[in-house]
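So the structure is just underneath, and the comments pick up after that.
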Amino acid sequence: MAQVGVPSVQSTQFAELLVQSGLITQQDLEFARAAKARTGSHIDEILVSQGMVSPSALRSVMARAWGLPVLDLHTTAHDGALMHRWSGQMMLAENWMPLRREPDGSVLVATARVPDAARRAHIERVIGGPARFGVATSWDIRNLALHVFRAEIADEAANELFRQNPELSARVVFSRGQKIGFVGIIVLGLVALVIWPAAAVITVFTVISVAFLAGTLFKFLVAMRGAKFDVVEQVSDEQVEALRDSELPVYTVLVPVFREANIVGQLVGNLGKIDWPVEKLEVLILMEEEDTLTRDALAKAAPPPNFHVVTVPKGSPQTKPRACNVGLFFATGEFLVIYDAEDTPDPDQLKKAYLAFRRGGDKTVCIQASLNYFNAGENVLTRMFTLEYSYWFDYMLAGLDAADLPIPLGGTSNHFRTSALNELGGWDPYNVTEDADLGIRASALGYRVGVVNSTTMEEANTSIPNFIRQRSRWIKGYMQTTLVHARRPRQLIHEIGLRRFTSFALLIGGTPVTFLGVLPLYAVTLFTIFIPAQVLSQFFPVWLLWICLINFVIGNSVMVYVSMMGPYKRGTFQLILWALLNPAYWVLHSIASYKGLWQLIFKPHYWEKTEHGLTSHSSDEAMDAGAIR
């Protein structure tokens, strides 16, 4: 039985008991008290996060203070059927878990908080009878919940959005109406090709030309608008320094990893540089159940106590967003950010994002930080990659934000208000660009997505095959997102307005169409240049050849120009002339788009893995060389 008046883990008496037990020194206690005064965190959280006390030792002292037995949840027998009678998520939020019914009719309950009279009464009211308590830590309880409720957690992570609103899920690739429409278009096209072959070809190339020009001009105009602005949420160093640790909330960092044994050890150092009180920083490493190599590599790196491995239960689809949904289930932070295993965020990024959230109010669901590459100068491909991202994050996103248009999120360095993310239903695990889809869903519910002046350093693709794998997945995801939201165009226009809908159509739908059109347009353009006009005029009208040529010149010129703009804000002027290779870079995109289209039809939910750790450079070397952030 718990005693009335025993010290809680937050009390001074409990802290003194830790000293008396020899687990910490008086100096450790004074350090923890000073941290508590500075941050507002509890002493036990400070001691564990600083590695001064192990969770098991803390559990023993808690048991001694409360007059309760210690429960090792790895070995204590539990009744899964009994535990399934109540909500696992509720019990995780309240830090307790019923284990089994005892011979005397009471229920053995593991608790990570002192079972005072009020807590005892609440728990006994929930379980409908008397309780007998034992002590466990919060993460003991979470790990047991993941074991007991693994099927429910796996199912919810994969299918909850589909159950809530099947129209917004990419689980169904083509709706019935879309299937009928596409089949009808293909049949009509084949009939036209047989009866009016010349007219059919002319029509196809005209549509491709118009779509290509519309897509490239839209990006140019948005980028030009973005050029007039710095990032909307400009947070100064002085504002960051003015923040007090006591006012900062708990922040959750999700790091989904899969087959990253060669680089997962780096994240311990990379994320260890984050400027946030460690006792308020919860780092969840989301690891697939069968990925033992990555698990072993992380264990060798000896991550600090605030790093926790969350095992993602086996299931399909095996995608990054499904893993993130599992992480969301266990996240306790008021805010949450996604990083990849190789990411090196600016140390003050979380503080800048927090200030941006405070400015933006409750309707700001996400703050997107910029991405840049520490191996930009490694080869031609990494240079083109860096140019593209400089233009995208410094001009395109700024233009979309300034024009109040939907922002497709990047796959990393997305900072979320956790409550709003839960309201949105988390990520769509069947969409392979879940970030772009989430940005559109957020806009439909009236939420705002902002951008902040902070950068995360990443590894740019160094090999063409790896690039094709990555881009084919991204382009396939844009196709998925277009199909999902095209099922309900009237409703989407009503929700976000015609102007935003047009932006969505040109950016999300137009990007795959543009890349699919690159190879045919380039082919016709080359024919126009190198084959005599009298020969080509037998197959194509002269006006169509001129349109294709003009599209080639205008479309590529504007994209070369905006690619040249990117280095100016970041001071990487040595990259400017490399933008002239953008037409060749787009050929790679076009190849990836046809691969993505094939996979959309035959392997729609397959997550094409991008290999990391292939570079010979490091983020530390880039910083030492004075890389512009």
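Read the figures in this text as sums done on the coordinates, not as results from a lab. Note that this is a predicted model, so its numbers are computed, not measured. With ideal geometry, Cβ positions are generated from the backbone for all residues, glycine too; neighbour counts draw on all protein chains shown.
Quick rundown of the values:
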item: Pair Lys314, Ala151: separation of 7 Å Cα→Cβ label points (nm); result: 1.5
item: Förster-model FRET efficiency, 25 Å R0, Val173 and Ile195, C-beta, rounded to 0.05; result: 0.20
item: Value of D in µm² per second that Stokes-Einstein yields for the range 56-147, Kirkwood Rh from Cα pairs, at 25 °C (0.890 mPa s); result: 189
item: With Cα atoms, 0 to 90° folded angle of helix 542-570 axis to the chain main axis; result: 40
item: Helix axis angle, 117-127 relative to the chain longest principal axis, alpha carbon, degrees; result: 60
item: Hits among aspartates and glutamates - C-alpha to C-alpha of Lys219 under 20 Å, sequence gap 8 or more where chains match; result: Asp230, Glu388, Asp394, Asp401, Asp404, Asp435, Asp437
item: Two-decimal ratio, the range 244-392, of alpha-carbon radius of gyration to 2.2 N^0.38 Å; result: 1.10
item: Sequence of Phe258, Phe182 once ranked by neighbouring C-beta atoms within 10 Å, starting from the fewest; result: Phe182, Phe258
item: Segment Ile464-Ala77, length gained on full extension (0.36 nm per residue, minus Cα span); result: 134.0 nm
item: Residues Phe602 and Leu577, FRET efficiency given R0 of 41 Å [Cβ-Cβ distance, rounded to 0.05]; result: 0.50
item: Proximal lysines to Lys36, defined as alpha-carbon separation beneath 18 angstrom and excluding residues fewer than eight positions away on the same chain; result: Lys280
item: Ranked list, fewest to most other Cβ atoms within 10 Å of each Cβ, for Val365, Val204; result: Val204, Val365
item: Segment Ala34-Asn95, length gained on full extension (0.36 nm per residue, minus Cα span); result: 19.3 nm
item: Furthest towards positive pole of dipole, Gly184, Leu580, Val173, structure part the chain, Cβ charges; result: Gly184
item: In nm, spacing of pseudo-spin labels at Tyr561 and Leu526 (7 Å Cα→C-beta vector); result: 2.7
item: Relative packing of 321-332, 544-555, 167-178, which averages over residues the other C-beta atoms within 10 Å, highest first; result: 321-332, 544-555, 167-178
item: The range 480-605: translational diffusion in µm²/s, Stokes-Einstein, Kirkwood Rh over Cα pairs, 25 °C, 0.890 mPa s; result: 142
item: Degrees separating the helix 349-360 axis from the principal Cα axis of the chain, which is the longest one; result: 80
item: Burial ordering of Trp86, Trp392, fewest other beta-carbon atoms within 10 Å first; result: Trp86, Trp392
item: FRET efficiency for Lys273 and Thr206, using Cβ-Cβ distance with R0 set to 41 Å, rounded to 0.05; result: 0.15
item: Segment Ser236-Ser21, length gained on full extension (0.36 nm per residue, minus Cα span); result: 72.8 nm
item: Sequence-distant lysines (8 or more away, or on other chains) whose Cα lies within less than 17 Å of Lys273; result: Lys351, Lys352
item: Distance between modelled label sites at Trp546 and Ser60, nm, 7 Å Cα→Cβ extension; result: 8.8
